[in-house]
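Read the structure below first, then the notes.
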Amino acid sequence: MKKIFLSSLFLLSIYMVKAQDGDNENTQADTAWKHIYRASYPRINDLVHTKLAVKFDYAKQWMYGQEWVTLKPHFYPTDSLTLDAKGMTINQIAVIQGKTKKPLKYSYDSMKLNITLDKTYKGGEQYTIYIDYISKPNDLKLPGSAAITDAKGLYFINPLGKTDEHQEIWTQGETESNSAWFPTIDKPDQKTTEEILMTVPQKDVTLSNGLLVHQTKNSDGTRTDAWVMDLPNSPYLFFMGVGDYAIVKDKYKNMAVDYYVEKQYAPVARKIFGETPAMIGFFSKILNYPYPWQKYDQIVGREYVSGAMENTTATLHQDGAYQNARQLVDGNAWEDDISHELFHHWFGDLVTTESWSNITLNESFANYSEYLWRQFRYGQDAADDLNFKDMQGYLMSGSENKDLVRFYYQSREDVFDAVSYNKGGRILNMLRNYVGDSAFFTALHNYLVKYKFQPAEAQELRLVFEDVTGQDLNWFWNQWYYGSGQPTLDINYDYTNGVERVVVNQTQKSGKIFKLPIAIDVYSHEANKKRYKVWLDNPSDTFYFASAQKPSLVNVDADKVLLCIKKDNKSADEFIQQYKYAPKYLDRREALDYFGKNNMSELSLGLKDKYAGLRLFTLQYMNNQNSFTSPGVLDQIEQMAQNDPDKKVQAAALEILVKTKDTKYLPLFQKHVNDSSYSVAGASLEGLAALQPDQAYQLAKKYSSDALGKLGDVVAEIIEKKGAPEDFNFILDHFKNLPLSGEKIRSTAAFAKYLATVKDKDNVRKGVDEIMNFRKQIPAQYLKYVDPGLKNAFSKISAAQQQFGKSDVAKYIDGLIP
């Protein structure tokens, strides 16, 4: 699962606040959970095969299901079976004996189905249970997590067709929510083959795991689609998708790779998902393990509030994946997610974590796949850029006391955090650097071969790496997998009598000392350097390097792979040398950051950096500090605004020119306001608004029918400030169509401020109702971070309505948030 966090305003809390438990794990109040060891789930019975026949009641939002589930005792004989079955109506349970069904006794508490079998079955002896049931997902009230707002498993979107939203059905299983729509042993260490027969309206298409093997038209206007997955996968990876989708067909070699999208996105589906075949080929090659499944499809679901989910052969993406042609000019914002979910089909689907405590075996690898793909497709700088941002995301999360493999947690949802994702990916990068590429990818291959279609735990990964490298790696696993935190390094330099002395102090508050193999590059002149491989394993380590003259630069952690907080006490001249001659993205970024913090003119070096991300970083730094006033720098920025090959960089350059309010840039704004990039067009319109506000207002109204991203924000801001009542629908639609993200949180404040100026009470109600619709999509545990701001905004809207004489609307608004 790729998580999309809801707001930069509560980014820290998204990892720190404990989700409420919804999984019968006996979560205790306060800190009692810290003493509950989360062991692997006991395997009394093993799933073998699951067959489902389902049809949907759109009016009631129910699913009528029949199930034939084949199991066998794991080892010991048993005469009973316990299945997870959440919030269902159970009509019949029987054991299949030939062509007959023999009723069985059972008890059911709305969460667990306890069945007394017809006899004692020996270890490995198979039996098949038949269950007739009704799934009622909307009657099930279970809290979810930061990854998904609830845990009802089965979702009906616009089931009655009362709105213009795409009507669809989709499921979400992770962690243990698929047992809300079919009884199963809903644990990650279970594996089962499957058949799913879905009866749906003939206008709709379906998607599930495996292959569509048969379709039957029924006399009542429905159709039954039969999907078969003949390779075992875990129950949480089962998937159903239903809707009037366009299927855009693609291929990897002779294997189907299809994209299920709403019909208006069919023309751009290949631009969004079209790298998928190349990704399959790349991952298959580096792992030396061909893609292991029958096909690979991707579908987009409305109101799906996670980022994406790696259902086996049928990945589900949230609607943030939808981008039109102009958005894609600025780059595919969803490409990391696409690579993440695909890589799960080796790490997560083929080999699956045996317990949620070991979720690093799924999510850390998927996180790292984003780095691998960027490195291959866009180069080392792009990969290192992502590596740095992910590291900062972890360091900002307040998670330094959490182990990567976590046997103590309040809710299983808690492990889907910046430790399992961001930190785990950085740990894999350090492991790769330490053992080398050949050993790293050989070990991954051997791990997949050994544990394919099985569950695994982190120690088994260690043993595979030890077998390949011939080294004892307990120190690495104990430190990074079974330990917490990260080092804080204070680095000092001194040159005396022909010796360069480097002192590295570990100053982390925990007092734990990390064992760190690193490279130190000593530069004698410009790019001439000598590499030394050393270990940090003391509170203070000192290294001595003979040098006839003072080195121009000493670069500690020269590969820039350490997960750490670092204070590098270099001089200004040394940072200049680092920018010019040290090769890594982070070398240059650290230098540019130093130049910016110390108001050095050398910051402008970043304007000509080979990597667009660092040109963008430099422009943003200059914009925030207003450090762009010298004529030479402005000339460079103007040139970038004219023709930088990266649209985001070009837009950032235009934004700086906007701040000058210099009329000499008016032709530039007029030229680029019609650019195909929303970012460039938006920055240009912002410039026109500063110099010719009346013309900008007319242009804003003209562009309002096609305004997303930066352009949409600027158009909305102009119209909100100067607009007429007839502009309300655009502003409402702009807010409504923003993707679920920090951008929408930020826009909520501006939208609410605008509503305080609106006199039409029906429009005000529409506006606050749309804000409340957005609020419903925020996980309940995070509302305490959002509601104070909303209450304040609503009180101002209410006060304005009172002044306008609309007391009924004011009363309505006052009662919206408890």
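The values are calculated or read from the model by the stated rules, or taken from the named source; none is laboratory data. Note that this is a predicted model, so its numbers are computed, not measured. Ideal geometry is used to build each Cβ from the backbone, glycine not excepted, and the neighbour counts take in all protein chains shown. Note: accessible area is taken over every heavy atom of the protein model, side chains too, but ligands, DNA and RNA are not part of it. Shrake-Rupley method; radii C 1.70, N 1.55, O 1.52, S 1.80 Å.
At a glance:
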item	result
Ranked packing of 57-67, 312-322, most packed first, by mean Cβ within 10 Å	312-322, 57-67
Sulfur and carbon atoms: percent of accessible area, region 622-689 [1.4 Å]	46 percent
Whole-angstrom gap from region 534-596 to region 246-271, using each part's C-alpha centre	47 Å
Pairs beyond 30 Å (Cα-Cα), from Lys251/Lys702; Lys60/Lys766; Lys701/Lys784; Lys3/Lys584	Lys251/Lys702; Lys701/Lys784
Rounded if a/c under 1.5, otherwise prolate or oblate - region 375-444, Cα gyration tensor axes	oblate
Unit charges on C-beta of K, R, D, E only; dipole of the chain, Debye	400 debye
Nearby aspartates and glutamates by direct alpha-carbon distance to Lys51 (threshold 14 angstrom, same-chain neighbours under 8 apart not counted)	Glu67, Asp132, Glu194, Glu195, Asp225, Asp230
Global geometry of the chain, whether rounded, prolate or oblate, following the gyration tensor of its Cα atoms and the 1.5 cut on a/c	oblate
Area projected by the alpha carbon convex hull of region 665-762, averaged over all directions, nm²	6.2 nm²
Three-way shape label, region 571-623, alpha-carbon gyration tensor, a/c 1.5	oblate
Antiparallel DSSP beta bridges within the chain, as percent of all bridges there, nearest 5	80 percent
Region 48-167: Rg to Rh, with Rh as the Kirkwood radius over Cα pairs	1.05
Whichever aspartates and glutamates have a C-alpha closer than 14 Å to that of Lys661, once near sequence neighbours (fewer than 8 apart) are set aside	Glu638, Glu686
When each of Lys389/Lys796; Lys285/Lys512; Lys191/Lys515; Lys136/Lys203 is checked by Cα-Cα distance, pairs over 28 Å	Lys389/Lys796; Lys285/Lys512; Lys191/Lys515
Accessible area of the chain divided out per residue, in Å², using a probe of 1.4 angstrom	40 Å²
Restraint check, Lys722/Lys811; Lys753/Lys776; Lys452/Lys530, Cα-Cα greater than 32 Å	Lys452/Lys530
Whichever aspartates and glutamates have a C-alpha closer than 19 Å to that of Lys34, once near sequence neighbours (fewer than 8 apart) are set aside	Asp21, Asp23, Glu25, Glu400, Asp403, Glu413, Asp414, Asp417
Protection proxy ranking of 231-241, 554-564, 503-513, 455-465 - average other beta-carbon atoms within 10 Å, highest first	231-241, 554-564, 455-465, 503-513
